[in-house]
Amino acid sequence: MADYLVTTPHSHCFRRAIPSDLQPLVGIKELRYSLRTMRKHEAKKKARSLAAATNILFDTIRESPNMQSLPKEELQRIVRNYIQEILKEDEEHRLNKGVYKTSSLETIAEGNHEWHFELQNFIDDLRVEMATGRYDSAKRAAEYALKLSDVSLHGNSYDFKKLCYELAHAKMQLYRIEMAKDNFKVSEARQMEEELLSEYSPKQAPIATQQQSFTTPSLTIGEAVAKHIEIKTERGDWSTGSIPDNTMRVNYFAKCIGESKLMNELTRDDIRYYMRVLEKAPRANKQSQKQYKNKRIAQLLKQEIPPCDRYSQKSIKNFCTCAVGFLNWCEKEGYLEKASHLTAQLHLSKKAKASAPQAIAREYFSTKELRSLFHGSVYKDLDFKHSYQFWTPLIALFTGMRLGEICQLELTDIREDNGIHYIDINEIGEKHVKSEAGKRQTPIHPFLVDLGLLDFVELQRKRNETRLFSNLKRHKSTGKWGNNVTKWFTKYRRSCGVGGMEGEQSSLVFHSFRHTVFTWAKHNDINRAIVQETLGHEDSGKGKDVTAGYEGRFPLPRCYNDFIKKLDFADTVDLHYLLNKKKDILSKL
């Protein structure tokens with residue numbers, strides 16, 4: 001276990017290499033987690049638990065459909081070639097090497113007795129290998145079989161283990177055939193040979209089944225996509241917020257390949273063509289622009305599309321995930337015989353990865369940039385038309401909430417508990433939360449209370465409104481509440497000279513408020529667990545142990561006193577001048 005432990009100046013770490021056959025699928029070469037303890041005895045216990053957990057994880061990944069790339073027919077071919085070669089070698093050995101050198105059959109049979117005892121031991125060993133999954137002798141047979149059939153498999157892969165299992169079974173039968181031949185039971189040995197080869201020969205389907213498969217109608221891709229969307233939406237397999245994006249992605253898959261094409265006619269070339277479209281064509285939302293408008297996809301692929309107009313690696317990955325889900329669903333529904341040979345093509349090539357545009361990383365706002373925003377026209381001159389233009393940046397800065405979480409707030413989500421006002425972030429009704437960690441209670445900063453946020457809530461209640469920002473509407477195509485806020489804020493920050501200007505990509509966007517809060521907490525040594533829980537950030541899993549599953553949430557007063565209340569942006573950004581404008585602000589809301 002000491003091999004899994006690494007000591008750093010601050011704690012012990014768990015480190016384990018990812019098996020080489022899993023690295024292409026997992027995307028990393030090593031797991032490394034802080035064990036959050038300087039006690040070696042405690043660190044060893046945690047490392048043992050993680051080692052056992054990673055063993056299970058590796059086995060689970062190997063048994064997943066993504067690791068099972070060798071078709072059944074190919075596996076049978078490899079085993080059949082091995083059986084035929086062994087039988088051929090045995091026959092040549094018996095004919096050319098003079099196995100029997102005496103004319104007395106009784107003497108020969110008696111001499112074979114000791115050898116047959118050894119063969120029986122080999123058979124028993126193979127039984128144990130098949131039962132335990134530890135293929136010591138079968139591995140050598142598998143390497144020989146792969147060489148015979150000119151096939152390459154990694155020694156730790158699921159397919160290699162499956163091949164070892166089948167070869168262990170075949171070798172047991174081959175030993176029995178050898179014993180039958182040694183005892184001059186030729187006809188019995190021939191029958192056993194035929195049965196063994198038949199077991200690993202392609203099975204021809206009954207005529208009635210073949211005729212039925214030709215006469216059974218297949219859905220078109222367009223019809224299958226429509227049914228897929230309907231079922232996934234009705235069953236709640238897709239969250240409310242992800243429905244528009246997932247719908248758009250699977251519809252785009254159908255559009256690129258051809259909605260009228262039958263599902264059972266899909267080929268690897270169709271999937272490769274789809275990947276070319278994702279890698280080289282302009283993004284769907286760019287195809288309405290003048291240089292791309294009214295052009296077929298085939299025409300767009302011939303153009304030199306600038307990187308800024310193409311999909312990023314992250315976007316392509318999201319499209320591929322939806323397509324894999326759709327194809328696997330089609331296999332389960334019986335619209336496809338097998339999906340794995342198609343889904344295996346849904347990944348970016350190395351060449352495409354090198355040329356695909358990278359998504360710009362979002363950054364946090366500096367104090368200078370925050371001053372430019374909160375001393376701009378919206379706040380200094382109260383130059384705003386809608387209440388969200390005043391409140392959403394302030395709420396984001398003093399709570400770290402996501403834009404979507406702020407825009408979908410209902411008045412009933414603003415609550416109070418033992419003198420602490422807080423926002424209850426939930427999925428009640430039409431609201432959507434990014435993850436389970438996103439469902440939380442976030443305290444309201446005292447500066448927002450002093451500035452009149454609760455007064456605005458009461459004002460909305462008197463107007464018989466149900467939502468905090470009642471003039472925000474849900475976007476029809478995306479299903480999100482914050483589209484108008486995003487458009488307005490982009491124009492406003494540009495007018496303040498913050499971030500990229502017109503026609504430029506910007507690393508500073510509305511979401512940068514959330515980055516700003518996280519960064520402030522890091523620089524001020526706020527308890528990381530409290531920050532993650534208050535801001536609804538999914539734990540990456542680093543340092544987690546079994547105990548984490550039993551822990552409850554931090555109480556609201558701790559999140560308030562140890563984190564939110566300490567946010568000092570009102571001082572550093574000099575926002576106290578807004579308190580003098582409180583009456584004017586409320587009159588405009």
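Applying the selection to segment 140-156, what residues are under 19 Å from Y200 (Cα atoms) and of a type in the set (D, E, K, R)? Spell out the reasoning first.
The initial filter retains those residues of segment 140-156 that are under 19 Å from Y200 (Cα atoms), namely 141-151.
Scanning segment 140-156 gives E143, K147, D150.
State the number of residues belonging to segment 140-157 that are buried (at least 17 other Cβ atoms within 10 Å of the Cβ), touching an Asp or Glu at 6+ places or on another chain (Cβ under 6 Å) and not polar (S, T, N, Q).
1
Among R514, R528, which is the only one that is in contact with a Gly (Cβ under 6 Å, 6 or more places away or on another chain) and among the basic types (K, R)?
Among R514, R528, only R514 is in contact with a Gly (Cβ under 6 Å, 6 or more places away or on another chain) and among the basic types (K, R).
Among the residues of segment 164-204, which ones are closer than 21 Å to F117 by Cβ and among the charged types (D, E, K, R)? Spell out how you get there, then give the answer.
First, pick out the residues of segment 164-204 that are closer than 21 Å to F117 by Cβ: 168, 171-185, 188-189, 192.
Answer for segment 164-204, where residues must be closer than 21 Å to F117 by Cβ and among the charged types (D, E, K, R): K171, R176, E178, K181, D182, K185, E188.
Out of curiosity, is I406 aliphatic (A, V, I, L, M) and without any contact (Cβ under 8 Å) to a residue 60 or more places away in the chain? Please lay out each step first, then the result.
On the way: aliphatic (A, V, I, L, M): yes; without any contact (Cβ under 8 Å) to a residue 60 or more places away in the chain: no.
Spelling it out, it is not the case that I406 is aliphatic (A, V, I, L, M) and without any contact (Cβ under 8 Å) to a residue 60 or more places away in the chain.
All but one of (1) surrounded by fewer than 17 Cβ atoms within 10 Å (Cβ to Cβ); (2) touching a Cys at 6+ places or on another chain (Cβ under 8 Å) hold for F469; which doesn't?
(1)
Identify the single condition in (1) small (G, A, S); (2) more than 24 Å from N580 (Cα to Cα); (3) surrounded by 20 or more Cβ atoms within 10 Å (Cβ to Cβ) that A437 does not satisfy, given that it satisfies every other one.
Evaluating A437 over (1) small (G, A, S); (2) more than 24 Å from N580 (Cα to Cα); (3) surrounded by 20 or more Cβ atoms within 10 Å (Cβ to Cβ) leaves (3) as the failure.
Kindly state which helices (runs of 4 or more DSSP H) lie completely within segment 331-423 and contain at least 1 residues that are aromatic (F, W, Y), modelled with pLDDT of 95 or more and under 37 Å from the mean Cα position of the chain (by Cα).
Working: elements: 340-343, 350-355, 367-374, 377-380, 387-399, 403-407.
Correct list: 387-399.
So F398 passes all but one of these: (1) crowded, with 22+ Cβ neighbours inside 10 Å; (2) without any contact (Cβ under 8 Å) to a residue 12 or more places away in the chain. Which condition number does it fail?
The single condition F398 does not satisfy is (2).
Working only within segment 184-216, note down all residues that are under 37 Å from the mean Cα position of the chain (by Cα) and at pLDDT 80 or above. Break it down stepwise before answering.
First, pick out the residues of segment 184-216 that are under 37 Å from the mean Cα position of the chain (by Cα): 200, 202-203, 213-214, 216.
Y200, the sole residue that qualifies.
For I257, only one of the following conditions fails: (1) surrounded by 16 or more Cβ atoms within 10 Å (Cβ to Cβ); (2) closer than 30 Å to K431 by Cα. What is its number?
Only one criterion in (1) surrounded by 16 or more Cβ atoms within 10 Å (Cβ to Cβ); (2) closer than 30 Å to K431 by Cα is unmet by I257, namely (2).
Go through segment 314-326 and count every residue that is aliphatic (A, V, I, L, M) and in contact (Cβ under 8 Å) with a residue 40 or more places away in the chain. Give the derivation first.
So in segment 314-326, the residues aliphatic (A, V, I, L, M) come out as 316, 323-324.
Retained after the next criterion (residues that are in contact (Cβ under 8 Å) with a residue 40 or more places away in the chain): 316, 323.
Count: 2.
The values are calculated or read from the model by the stated rules, or taken from the named source; none is laboratory data. For clarity, every value in this text was computed on a predicted model and none was experimentally measured. Here Cβ is always computed from backbone atoms with ideal geometry, including for glycine, and neighbour counts include all displayed protein chains.
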